[in-house]
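Below you'll find the structure, written out as structure tokens, and then a few comments.
Taken together, the values in this text are just the output of simple stated rules run on the coordinates, not laboratory data. Just so it is clear, the structure is predicted and the values come from calculations on it, not from any experiment. For neighbour counting, all protein chains shown are included, and Cβ atoms are generated from backbone atoms with ideal geometry for every residue, glycine included.
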Amino acid sequence: MTEERIIKKYPNRRLYDTAESKYITFTDIRDLVMSGVKFKVQDSASKEDLTRQILMQIIIEEESGGRPLFSADMLAQLIRFYGGTMQGVFARYLEDSFNIFATQQNDASADFINNPVDAFNTMTKKNLEMWTNMQKSFTQVPGFSTKKSDKP
């Protein structure tokens with residue numbers, strides 16, 4: 001198993017890849033993400049984890065060029081979840097949704113080449129099962145039940 005790669009961020013805003021022993025750019029970090037490389041961005045002095053901030057900056061750059069992934073309405077809806085009682089549930093829902101989509105995309109790519117109709121049918125069935133299971137997991141929290149009581 002490969003170790004998590006450490007990228008150090010210096011006060012001059014430069015990023016240093018400790019595995020490659022060289023300075024890198026946001027484009028290089030984007031390439032690491034696209035290649036599935038595990039990494040962590042740390043402040044060079046405090047060792048604070050800056051990974052999320054760097055990834056958000058990359059998303060901002062991606063959104064400002066070409067065709068954006070997020071509409072203004074979608075971003076407004078995301079903002080509304082911050083600080084609310086459902087923030088944790090929503091974050092888990094999004095993460096699970098992305099994982100399901102990625103798994104489905106990987107599983108289906110080869111099948112679509114060989115037999116697209118069967119692959120689409122299989123994907124639809126699997127998708128329904130995964131979403132149903134995910135929805136069930138969200139309702140399995142203490143004090144919340146979707147079952148009707150036996151009491152009148």
Angle, helix 51-64 long axis vs. longest principal axis of the chain, Cα atoms, 0 to 90°, nearest 10? 80 degrees
So how tilted is helix 72-81 from the main axis of the chain? Cα-based, degrees 0 to 90, rounded to 10. 80 degrees
Once the Cα atoms of helix 87-114 and of the chain are each reduced to a long axis, what angle between those two axes, in degrees from 0 to 90 to the nearest 10, is obtained? 90 degrees
Report Rg/Rh for segment 36-98, rounded to two decimals, where Rg is the Cα radius of gyration and Rh the Kirkwood radius. 1.03
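Report D for segment 87-139 in µm² per second (integer): Stokes-Einstein, Kirkwood Rh on Cα pairs, 25 °C, 0.890 mPa s.
Working: Rh = 11.9 Å.
Roughly 206 µm²/s, to the nearest whole number.
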Return the Rg/Rh ratio of segment 5-64 with Cα-based radii and a Kirkwood Rh. 0.94
The chain: Kirkwood hydrodynamic radius (Cα pairs, Å) comes out at 19.4 Å
Distance from segment 46-113 to segment 1-38 (C-alpha centre basis), Å: 20 Å
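Would you work out the charge dipole size for the chain about its Cα centre, treating the Cβ of every Lys and Arg as +1 and the Cβ of every Asp and Glu as -1, and quote it to the nearest 20 debye?
Numbers: 20 positive and 20 negative charges, 107 e Å.
Magnitude of the dipole: close to 520 debye.
So which trypsin sites (Lys or Arg not before Pro) in segment 1-55 end up in coil per DSSP with only 16 or fewer other C-beta atoms within 10 Å? Write out the running numbers ahead of the final one.
On the way: sites: Arg5, Lys8, Lys9, Arg13, Arg14, Lys22, Arg30, Lys38, Lys40, Lys47, Arg52; in loops: Arg13, Arg14, Lys38, Lys47.
The qualifying sites are Arg13, Arg14, Lys38, Lys47.
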